[in-house]
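Worksheet: the structure to be examined is printed underneath.
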Amino acid sequence: FLFVSPGWPGPSALRPAMLPRASTAVAAAVASIAASAATAAADSLISWDEAYVRADETLSKMTAPLLHISGLCKRWDYANGLLLQEELGAAGPVYSAGGLYLYQRRECGNGRWVLGEQPPNAGGGGSCGANEAYVDMAAGAASSSNGGPPVGRNNWFLKCSDWGPVVPVAVSLEWVSNGEKMTLLKGVGWVMGQWWYEQRKWWYTGNTVPIPRLGVPSLKFHDSGAGFRTTWSELVGTATAFPSMLAMAATWDEDVVRAYAAAVGEEYKGKGANGVLGPVADLIRTPFAGRSFECLAGEDPYLGKRMVASYVDGLQSKGVFAVVKHWVFNQQETNRGTESSVVDEQTAWELYYPPFEAAVNAGVAAVMCSYNYVNGKQACDNAGILTQDLKGRMRFEGWVMSDWYALQSGHSAKAGTDMDMPGTDGYFSEGAVAGLPQERLDDMAARVLVGMARIPAFRKADPATSCRAGCNCSGLLYDTMAASAAHGDLTRSLAAAGAVLLKNDRPPTNTSASGAGSGPSERLLPLQPGQIVAVVGSACDARPVQLDWTTSWTDADYYSIGGSGRVVSNRTVSVLEGLIQAGVTLRLSTTDSMQDAKNVMQGADVVLTCGGATTSESFDRSSLKLDQHAFISWLVQHATKAGLPSAVVALAPGAVVMPWHENATAILLLFLSGEATGHAAADVLTGKALPSARLPVTLPSRESDALPPCDERSRCEYKEKLRGGWHIYDHKHVAYPFGHGLTYTEFAYAVSRDWTLRIEGGVVRWEIAVEITNVGSTAGVEVAQLYIRYPGQDAYRPEWLLRGFSKTQLLAPGQTQQVNFSVGGRELSEWDVDSHSWRLVHGRFSAFVGASSRDMRLCGGFIGDGSALIEPTRECSGSPFGR
């Protein structure tokens, strides 16, 4: 395998000046076969078995498969680690592997099959018998019915089960033939189905061919970043349905995200996969976006870059590489394959690029280019975003792979795409890339090898992931129970860590629903022992999707999503089941009947209802309301009139509108949280787990305040420019702002050390220390957030930008912890479109530390270049936007 020293200069160091197009090793091996055949009589024939033995000898010397498919590929089968491919040529089927071709020459010996170095009509011509070994169609009963090679039944194919683990070796790129390079750059494992190409069973979502002699394993990618996709019903229950990445963004906790990604990596490894098609680093531009649930960045680039980097670090620490996606401006599903995102350079670098750049800096192995167009050019065929921005200015050294069937032309390799997935479109066939400069082909292969080699676990033989996709992985893929009790406990705690307590008011004074004590403990939540809770509504006991022949790939539920990221579990716990197992005294109505609700509310201390919404890949949401919107609106209003406190549990795939929120006493929001949703909700509702999450998105007051998806097929102009993400709502009333989230206690903020200048390595940094004190009667965790306002505020720039956050440890009542913030360099810079680089902004910066983007606690300021402290930090309150 490929090893690099700690000080390696980059892929360019691995590129030879020039490599020959034809392998001398292949030529020598074929010549040897031809010579042995030429010694026989002109009409002497060999059997298929002998042909395979000879070819096997050749392949053991030189594994250089040519993955060119000029027509409809009917079947693929392995040949000693390579693919024996059948393609339709002008004169009939042609089979190729290892630089050798098997085909029928009708002009020779009554249509003899030929084992030769050249494909038919490749200019070889010549006499029958020169440099060719003939195969007798009639010799040997192993031949297929049409007289062709017995594909799938020959010794090559049967050897799959005998292979041992790939043993890494140190190699130079100069030893790798062009044919072998092509095996690194093109996927396999998909075939034409009834209507379109479909994934073959026993294969992963994405696969490449191994190169055993070089110690290069199959690359086996699978969806998704939130768990091992249950593509087929046989997989249900064998993998954990973890919470969505948006739920993890709500934790605002890098350690939690790192543990989450590590657990995902462990399950992928257990399933034999070595690559995850995730995380998603796209910023949420519109809350209607169908794939918001996958966005680890939420609505903010700073939050995104810290969360994404932690995910990459956690996943790749397990020897499983990450493929960060979707590069770039893939902010909606509507017309995703045709719309062109029109984005200016400054907006790109300041708002949408940072999470991807953080992944690059964390050493991500690969980046996936997206379906959409960018400024008029398809993303995978766009040299501006691939070669110039990603590989050039960001210095990304891994490989770029296409989204599935995202390529739309044969120019993508030249533009900067290095790998074609799933590989059946013909754009990376040998003929299609024949015009590439040798240096570019070498660069493409080097990037794949370097991306793999940068993950330490790839540098040693690992039986856990050494199977060959499509060959001997079925046991790992289907039979391995990757889920575990430990991961079950973890996903429960992860889901609770991502549950956002939006509201927690005191119950009406004429009820016995409040807890004992004083202060926040008098609020409705957590539920108290002995309380009678009326649980009403169908969403509280919603059933998960069941995979069978009637299930569409876009079918979704309140626990997971539809599309490529769906993970179905047979262990999913509903909110009702979670409350029952928690021992809460309940009165039940699992319908959305108003009369049934009235009946069970009689004699209850608290009424609790649930609402959910679903979403999927391929289309955007048509509404931001919960499916049970009308029922919830009626219920909380009825409860208010009856003097009964109400709690609402929302199970959502992204931002939702809650016009009824003022009538609810308490609201708990869980972004699609996987199989442990019910346990996590019950843990937070009862106080077994303490709420600490914060909103990674804004919950608008009205749908009309939100930015809708572009509905034009050809053009989507980002007119909001830098005021995207949560800044769409600046100066608008919102239900709950970005960064909001309550706990079961209260915290006070105080300045421990005011803004202090520090210069390190010529970089000016300003630092402040803040004391966070638990002033309530219950333990809790606070997330202190730092927001900065740039000097000389322009109309195009948001007023306040998130530039730091710090999560405290669990603080007991009366306990204090100091948290530190440091800003400088990138945090105080802007993108200069003239120099195409970052430029430090000079002047007065205002700053506030608070509990959300609209909850200021401490306010101050400083001069960005380090000349003075302009405004001592003081206590403050309220919203910086006046509402």
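Observations on the structure shown:
- Pairwise FRET efficiency - residue 750 versus residue 509, Cβ, R0 = 35 Å, nearest 0.05: 0.55
- Charge dipole (debye, nearest 20) of the stretch 641-799; +1 at Cβ of Lys and Arg, -1 at Cβ of Asp and Glu: 180
- Gyration tensor (alpha-carbon) shape descriptor, the stretch 242-345, a/c threshold 1.5: prolate
- Simple label model, 7 Å out from Cα along Cβ direction - residue 767 to residue 703, nm: 5.0
- Residue 377 versus residue 839: modelled label distance in nm, points set 7 Å from Cα along the beta carbon direction: 2.5
- Rounded to 5, the percent of DSSP beta bridges in the stretch 176-305 classed as antiparallel: 70
- HN-Hα J in Hz across the stretch 708-722 - Karplus 6.51, -1.76, 1.60, θ = phi - 60°, x for Gly and Pro: x, x, 5, 9, 7, 6, 10, 8, 10, 8, 7, 5, 6, 6, 6
- Shape category assigned to the stretch 619-713 from the gyration tensor of Cα positions, a/c cut at 1.5: oblate
- Length gained when the stretch residue 759-residue 440 is fully extended (0.36 nm per residue, less Cα-Cα span): 110.6 nm
- When you filter the trypsin sites (Lys or Arg not before Pro) in the stretch 652-712 for DSSP loop state and at most 15 other Cβ atoms inside 10 Å of their Cβ, you are left with 688, 702.
- Measuring nothing but protein heavy atoms, the accessible surface of the stretch 535-690 at 1.4 Å probe radius is 48 percent carbon and sulfur.
- Ranked by the mean number of other Cβ atoms within 10 Å of their residues, highest first, the peptides 584-593, 330-339 come out as 330-339, 584-593.
- On a per residue basis, the stretch 757-816 carries 38 Å² of accessible surface, using protein heavy atoms and a 1.4 Å probe.
- Couplings 3J(HN,Hα) for the stretch 607-624, derived from phi with the Karplus relation 6.51 cos²θ - 1.76 cosθ + 1.60 (θ = phi - 60°), are 10, 10, 10, 10, x, x, 8, 10, 7, 7, 4, 5, 8, 8, 6, 8, 8, 9 Hz, where x marks Gly and Pro.
- Note on residue 641 and residue 202: the extension gain reaches 152.2 nm, defined as 0.36 nm multiplied by sequence separation minus the Cα-Cα distance.
- Sulfur and carbon atoms: percent of accessible area, the stretch 337-420 [1.4 Å]: 47
- Once both labels are positioned 7 Å from their Cα atoms along Cα-to-Cβ, the gap between residue 874 and residue 795 label points is 3.2 nm.
- Using only side-chain charges placed at the Cβ, +1 for Lys and Arg and -1 for Asp and Glu, the dipole size of the stretch 573-632 relative to its Cα centre rounds to 180 debye.
- Each other residue within a Cβ distance under 13 Å of residue 253 adds +1 if Lys or Arg and -1 if Asp or Glu, for a net charge of +1.
- Computed extension length for residue 388-residue 585: 64.8 nm, one decimal, from 0.36 nm per residue of separation with the Cα-Cα distance subtracted.
- Among beta bridges that DSSP assigns inside the stretch 258-378, antiparallel share in %, nearest 5: 20
- Exceeding the 26 Å Cα-Cα cut-off - candidates 641/732; 186/414; 181/325; 271/625; 325/719: 641/732; 271/625
- Sorting the segments 629-638, 816-825 by their residues' average number of neighbouring beta-carbon atoms within 10 angstrom, most packed first, yields 629-638, 816-825.
- Those residues of the stretch 828-865 whose amide nitrogen sits under 17 Å from the label point placed on residue 720, 7 Å along Cα→Cβ: 853-854
The values are calculated or read from the model by the stated rules, or taken from the named source; none is laboratory data. The model shown is predicted, which means the values in this text are computed figures rather than measured ones. FYI the Cβ positions are ideal-geometry reconstructions off the backbone, even for glycines, and counts take in every protein chain you see. When the accessible area is computed, the model is the full protein with side chains, heavy atoms only, and any ligands, DNA or RNA have been set aside. Shrake-Rupley method; radii C 1.70, N 1.55, O 1.52, S 1.80 Å.
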